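Chemist: One structure coming up, written as structure tokens, with questions to follow.
The values are calculated or read from the model by the stated rules, or taken from the named source; none is laboratory data. Here the structure is a predicted model, which is why all the values come from computation and not from measurement. Because the Cβ atoms are built from the backbone with ideal geometry, glycine has one as well, and the counts that use them run over all protein chains shown. Surface accessibility is based on the protein's heavy atoms, side chains included, excluding ligands, DNA and RNA. Shrake-Rupley method; radii C 1.70, N 1.55, O 1.52, S 1.80 Å.
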Amino acid sequence: MSFATGLRCRECGTTYPDDARYSCDLCFGPLEVTYDLAAAHGVVTREAIEAGPRSIWRYAPLLPDAGEAPVDLGAGWTPLRRATRLAQRLGVRELWLKDDTRNPTGSFKDRVVSTALSSARRLGFTTAACASTGNLATSVAAHAAAIGWPSVTIIPHDLERAKVAMSSIFGGTVLAVEGTYDDVNRLCVELVDEHGDWAFVNINLRPYYAEGSKTIAFEIAEQLGWRLPAQVVVPVASGSQFTKVAKGFAELRALDLVEGAPPRLFAAQAEGCSPVAAAHARGDEVVTPVRPATIARSLAIGNPADGPYVLDELRRGGGDAGAVTDAAIMEGIAELAETEGIFAETAGGVTIATLRQLLERGTLDPEASIVAVISGHGLKTLDAVAGRAGVTATVAPSLAAAEAALAADLLVAAS
């Protein structure tokens, strides 16, 4: 049973029924799903949640109505790992990693696709579609294949080869557009009007899609023993994940499932596509679009739809936003792998590099608990690390040659 009641405009507050729409008829503002939290209070309990499936659907009462059954590949309930070695290197007392590399297609996008396509099936759509920087395309294609739907995923032409391969292997249509993600998104908005039975998960199903990201907050709190962390670092592309993580923590507090103050949220962006971080640094209330130029292609959205709402949350919660260079992103990927054994895609490198940057800036408190969201697996962005990750040495098949190479490597490592 879902306690969802319908949709509400985030700008003017106009309410709508629980159907397929994504913008307000009056002011054209974005819509989001609303819930009857008063009715849910005392019904949605810790015990009820803990008895649920080990996926995002353990939180079904706080997610959009999935109809008879959710479209579910097992997204969610990913590990929250105590990062002791990385914490020591960064000089942090308590650091946790929300490891969403463990989702079915290797990124947090499985959460949002599961909620979006569950609503799409309930609402009578027949084809799954999306505009994507790669991870979403893979997840949409996989979930569509699992329920026997055709899929149409539309991506920028210069995506990493691994992401293109993962998106196409499920048998759907993959269109590459000669342009940026923002060009792709504009094209998809036009296609929505031409194909009324296509569920573009991040356009005409966006209110339901976005709700899946709340489960990151739900899981963090539950996995900490129903304790809220003090600080959370979240990578930002469109900004939807950031705002919905904040919404998830707020809903838990409203239901008295957790105690204490809401966490301070921190936004992580790549310097080559940092419209939100730049706007926050200037004190602006609006986000000025930019043309992306970064290796972190999964975050390369130059005109983020939820950018203004990220700025609102940063001001309200006292957080901060960082922007890091491509070189720092690569160091973040390596640092995470070398200390904690987690291979993250470039977005994960952005999170770790930004965490370090904000510690140095003094806006992140090293003595307070920190959760860093690692949103995707490094196998998706092998192109980015190919230049620095390879064999240490190539040797003849002899003990002497192997020992000489090992001795040389150990000497270098010690120097």
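Chemist: Run the simple label-point estimate for Ala393 and Arg361 please: 7 Å along Cα→C-beta, distance reported in nm.
Modeler: Going by the 7 Å Cα→Cβ label model, 4.3 nm.
Chemist: At a 1.4 Å probe, what is the % contribution of carbon and sulfur to the accessible area of the chain?
Modeler: Carbon with sulfur: 53 percent of the solvent-accessible area.
Chemist: OK, next. I'd like the accessible area for Arg282, computed on protein heavy atoms only with a 1.4 Å probe and all protein chains in place. Round to 10 Å², please.
Modeler: Solvent-accessible area, nearest 10 Å²: 130 Å².
Chemist: Sticking with this structure for a sec: On alpha carbon coordinates alone, what is the Rg over Rh value for the stretch 82-149, Rh being the Kirkwood radius? Spell out each step's value before the answer.
Modeler: On the way: Rg = 16.8 Å, Rh = 13.9 Å.
With Rg and the Kirkwood Rh in hand, the quotient comes to 1.21.
Chemist: Another one. For the stretch 262-415, what does the accessible surface come to per residue with a 1.4 Å probe? Please give it in Å².
Modeler: Details: 6830 Å² over 154 residues.
Spelled out: the 1.4 Å probe surface of the stretch 262-415, per residue, equals 44 Å².
Chemist: Roughly what angle does helix 214-223 make with the longest principal axis of the chain, taking Cα atoms, 0 to 90 degrees, to the nearest 10?
Modeler: Approximately 60 degrees, to the nearest 10.
Chemist: Considering only C-alpha atoms, what is the centroid distance from the stretch 331-359 to the stretch 83-97, in Å?
Modeler: A separation of 12 Å, based on Cα centres.
Chemist: Return the sequence-ordered ³J(HN,Hα) values of the stretch 283-291 in whole Hz as given by the Karplus equation 6.51 cos²θ - 1.76 cosθ + 1.60 applied to θ = phi - 60°, using x for Gly and Pro.
Modeler: x, 6, 9, 10, 9, 8, x, 10, 9
Chemist: Could you order the peptides 63-75, 227-239 from most to least packed, using the average number of other C-beta atoms within 10 Å per residue?
Modeler: Ranking the peptides 63-75, 227-239 by packing returns 227-239, 63-75.
Chemist: Measure nothing but the geometry: give the 0 to 90° angle between the long axis through the Cα atoms of 346-361 and the longest principal axis through the Cα atoms of the chain, rounded to 10°.
Modeler: Once rounded, the angle reads 80 degrees.
Chemist: Averaged per residue, what accessible surface does the stretch 84-188 expose to a 1.4 Å probe, in Å²?
Modeler: Normalised by residue count, the accessible surface of the stretch 84-188 is 35 Å².
Chemist: Fully extended, how many nm does the chain gain between Arg93 and Asp284 (0.36 nm per residue separation, minus their Cα-Cα distance)?
Modeler: 65.5 nm
Chemist: Short version: ³J(HN,Hα) in whole Hz for each residue of the stretch 228-244, in order, from phi by Karplus 6.51 cos²θ - 1.76 cosθ + 1.60 (θ = phi - 60°), x for Gly and Pro, what are they?
Modeler: Along the stretch 228-244, the couplings run 7, x, 7, 9, 9, 9, 10, x, 10, 10, 6, x, 5, 4, 4, 5, 7 Hz.
Chemist: Peptides 320-333, 359-372: what's the order by average Cβ count within 10 Å, highest mean first?
Modeler: Going from most to least packed, we get 320-333, 359-372.
Chemist: Separate question: On average, how much accessible surface per residue is there in the stretch 1-49, in Å², for a 1.4 Å probe, leaving out ligands, DNA and RNA?
Modeler: Heavy-atom accessible area per residue stands at 54 Å².
Chemist: Something else now. Can you bin the stretch 259-362 into rounded, prolate or oblate? Criterion: square roots of the alpha carbon gyration tensor eigenvalues sorted a ≥ b ≥ c, rounded for a/c under 1.5, prolate for a/b above b/c, oblate for the rest.
Modeler: Cα axes put the stretch 259-362 in the oblate bin.
Chemist: So what's the angle, to the nearest 10 degrees on a 0 to 90 scale, between helix 399-414 and the longest Cα principal axis of the chain?
Modeler: Taking the Cα atoms of the chain, the angle to 399-414 is about 70 degrees.
Chemist: Take the chain, connect every pair of alpha-carbon atoms lying under 10 Å apart with a spring to form a Gaussian network, then pick out the residue of Glu222, Glu345, Glu11 with the largest mean-square fluctuation.
Modeler: For the chain, modelled as a Gaussian network with Cα springs under 10 Å, the answer is Glu11.
Chemist: Compute the separation of the alpha-carbon centres of the stretch 4-36 and the stretch 153-191 and state it in Å as a whole number.
Modeler: If you average the Cα positions of each part, the centres end up 28 Å apart.
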